[in-house]
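The values are calculated or read from the model by the stated rules, or taken from the named source; none is laboratory data. Bear in mind the structure is a predicted one, so any value in this text is a computation, not a measurement. Note: ideal-geometry Cβ built from the backbone for every residue, glycine included; neighbour counts use all protein chains shown. Only protein heavy atoms, including side chains, enter the accessible area calculation; ligands, DNA and RNA are left aside. Shrake-Rupley method; radii C 1.70, N 1.55, O 1.52, S 1.80 Å.
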Amino acid sequence: MSKLRNYLDKIKPNFEPGGKLHAFRSVYDGFETFLYTPRTTSAPSGAVHVHDSIDSKRTMIIVVLALLPCFLFGMYNTGYQHWLALGAAEFPFWSLMLYGFLTILPRVAVSYIVGLSIEFAFAQKKGEEIQEGFLVTGLLVPMICPAEIPLWMLAVAVAFAVVFAKEVFGGTGYNVLNVALVTRAFLFFAYPAQMSGDKVYVAANAPFGYGTSLPDGFSGATPLGQIATQSGSDIVLKGLDGGIIDTWQAFVGLIPGSFGETSTLCILIGGVLLLAAGIASWRVMLSVFAGGLFMAWVANTFASPLYPASYISPVDQLLLGGFAFAAVFMATDPVTAARTMTGKYIYGFLIGVVAILIRTYNNGYPEGAMLAVLLMNCFAPLIDYCVVQANMRRRTKRLTAKASR
């Protein structure tokens with residue numbers, strides 16, 4: 001490592017102002033700070049200042065590590081669902097993992113290449129450092145989409161989200177909406193056929209010639225998709241093998257769905273890592289689950305045949321679809337979430353309520369977590385404003401009462 005450090009120090013003058021490669025200074029800076037903790041601080045020269053080794057890049061890397069359990073499980077589940085659709089009797093672990101890896105690899109590559117290229121271009125244009133936020137966003141995007149989303153669609157959606165939901169607001173730390181969810185929303189509304197239905201959530205092709213393609217007539221709806229097409233109170237969820245999907249299977253995640261969203265178990269493992277590292281807000285996370293549980297209980301208590309999802313138990317509501325993933329990885333985004341302590345409780349609770357509300361009472365849209373988070377992203381500043389104003393009024397009233405004594 002010392003040789004690498006010495007080499008970076010040796011070539012650094014080339015990227016400084018006046019150097020022959022000064023136009024790529026932000027690229028060098030991004031690469032250097034990714035490998036090593038910056039030596040500089042925000043304090044003036046000679047001032048006392050605590051220098052912490054945890055900067056934004058290290059924070060993003062921890063989030064990526066927290067996503068790995070979901071990503072690895074997504075690889076397995078993608079292969080598992082494909083094998084089920086083929087009617088296989090055996091499920092070789094490494095074959096399933098390889099199939100899932102080869103399926104998702106091009107999507108991850110496109111997400112990072114397109115997103116980082118745009119961020120590099122903006123950094124060079126503005127003469128600023130390369131922002132590190134896309135380290136997480138680039139991995140989140142393919143994880144919240146169907147495993148076989150067409151690459152060109154993904155590229156268009158990522159470009160749109162990075163430019164219009166992030167860079168036009170000033171880059172990392174200034175965006176109002178969650179960039180990964182804007183990407184998914186763009187795909188959903190621009191290309192609904194590739195983001196919903198009974199075919200898109202099970203990989204059907206043979207990536208790089210590996211495996212066997214499924215027949216054209218194959219269909220395999222997600223549990224939420226099945227609920228939306230049923231009527232009455234007798235809701236039955238079935239896997240691709242015809243077996244009943246129970247609460248435990250939904251918790252583990254061996255069901256059709258977006259690549260990284262199906263396993264609540266792996267999501268919670270990642271959530272524990274985020275909480276232990278002090279990166280995610282437990283207030284937001286807990287409040288999302290509380291709000292979802294409350295709204296699911298209300299819907300179940302007043303269940304109606306007109307809305308089949310209202311018959312799903314409150315616990316199953318939290319386990320199905322992208323609810324848990326949104327609660328742990330999306331709602332807790334510190335940039336787009338509420339900042340005040342009380343505001344975090346309100347913000348998270350409303351996300352949970354709105355997510356189940358949309359899912360239950362809109363039969364044409366069986367998933368509401370994405371829209372719930374994006375909606376509350378818009379209201380987060382208002383929530384904080386109201387909390388601060390209420391606190392000011394309370395303090396003013398207390399001060400007035402003391403002065404009148």
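Find the residue count for segment 164-180, including only residues that are surrounded by 16 or more Cβ atoms within 10 Å (Cβ to Cβ), hydrophobic (A, V, I, L, M, F, W, C) and either more than 28 Å from Leu96 (Cα to Cα) or at pLDDT below 90 (or both).
So the count comes out to 3.
All but one of (1) modelled with pLDDT of 95 or more; (2) touching a strand residue (DSSP E or B) at 6+ places or on another chain (Cβ under 7 Å); (3) among the polar types (S, T, N, Q) hold for Asn377; which doesn't?
Against the list (1) modelled with pLDDT of 95 or more; (2) touching a strand residue (DSSP E or B) at 6+ places or on another chain (Cβ under 7 Å); (3) among the polar types (S, T, N, Q), Asn377 comes up short only on (2).
Can you tell me which residue among Leu275, Leu357 is among the aliphatic types (A, V, I, L, M), open to solvent by 40 Å² or more (accessible area, probe 1.4 Å) and farther than 29 Å from Phe189 by Cβ?
Leu275
Which condition number in (1) within 22 Å of Thr222 (Cβ to Cβ); (2) open to solvent by 70 Å² or more (accessible area, probe 1.4 Å) is the one that Lys126 fails?
Unmet for Lys126, out of (1) within 22 Å of Thr222 (Cβ to Cβ); (2) open to solvent by 70 Å² or more (accessible area, probe 1.4 Å): (1).
Might you check whether a residue that is among the β-branched types (Val, Ile, Thr), in a helix (DSSP H, G or I), open to solvent by 20 Å² or more (accessible area, probe 1.4 Å) and at pLDDT 95 or above occurs anywhere in segment 68-81?
Within segment 68-81 (the criterion being among the β-branched types (Val, Ile, Thr), in a helix (DSSP H, G or I), open to solvent by 20 Å² or more (accessible area, probe 1.4 Å) and at pLDDT 95 or above), the answer is no, since none of the residues qualifies.
Given the conditions (1) over 28 Å from Met195 (Cβ atoms); (2) out of contact with any helix residue (DSSP H, G or I) (no Cβ under 7 Å at 6 or more places or on another chain); (3) at pLDDT 95 or above, and given that Lys397 satisfies all but one, which numbered condition is not satisfied?
Failed condition: (3).
Name the pairs whose Cβ atoms lie under 7 Å apart, with the first residue in segment 178-198 and on the phi < 0 side of the Ramachandran plot and assigned to a loop (DSSP other than H, G, I, E, B), the second open to solvent by 40 Å² or more (accessible area, probe 1.4 Å) and not acidic (Asp, Glu), and 6 or more positions between them or separate chains?
Matching pairs, first to second residue: Asp198/Ser219.
Could you grab me the full set of residues in segment 347-366 that are touching a strand residue (DSSP E or B) at 6+ places or on another chain (Cβ under 9 Å) and assigned to a helix (DSSP H, G or I)?
Of everything in segment 347-366, those that are touching a strand residue (DSSP E or B) at 6+ places or on another chain (Cβ under 9 Å) and assigned to a helix (DSSP H, G or I) turn out to be Thr360, Tyr361.
Consider Glu119 against the criteria (1) modelled with pLDDT under 90; (2) surrounded by 17 or more Cβ atoms within 10 Å (Cβ to Cβ); (3) assigned to a helix (DSSP H, G or I); (4) out of contact with any helix residue (DSSP H, G or I) (no Cβ under 6 Å at 6 or more places or on another chain): it satisfies all of them except one. Which criterion is unmet?
(4)
Could you please let me know if Phe160 is modelled with pLDDT of 95 or more, more than 15 Å from the chain's Cα centre (by Cα), open to solvent by 20 Å² or more (accessible area, probe 1.4 Å) and among the aromatic types (Phe, Trp, Tyr)?
Taking the combined requirement at face value, the residue satisfies it.
Can you tell me which of (1) free of Cβ contacts under 8 Å to residues at least 24 places away in the same chain; (2) assigned to a helix (DSSP H, G or I) is the one Ala88 doesn't meet?
(2)
Go through Gly352, Gly348, Gly278 for me and flag whichever is without any contact (Cβ under 8 Å) to a residue 12 or more places away in the chain and under 22 Å from the mean Cα position of the chain (by Cα).
Gly278
Answer yes or no: is there a residue in segment 213-223 that is open to solvent by 20 Å² or more (accessible area, probe 1.4 Å), of a type in the set (Val, Ile, Thr) and closer than 22 Å to Leu96 by Cβ.
Yes, segment 213-223 has at least one match.
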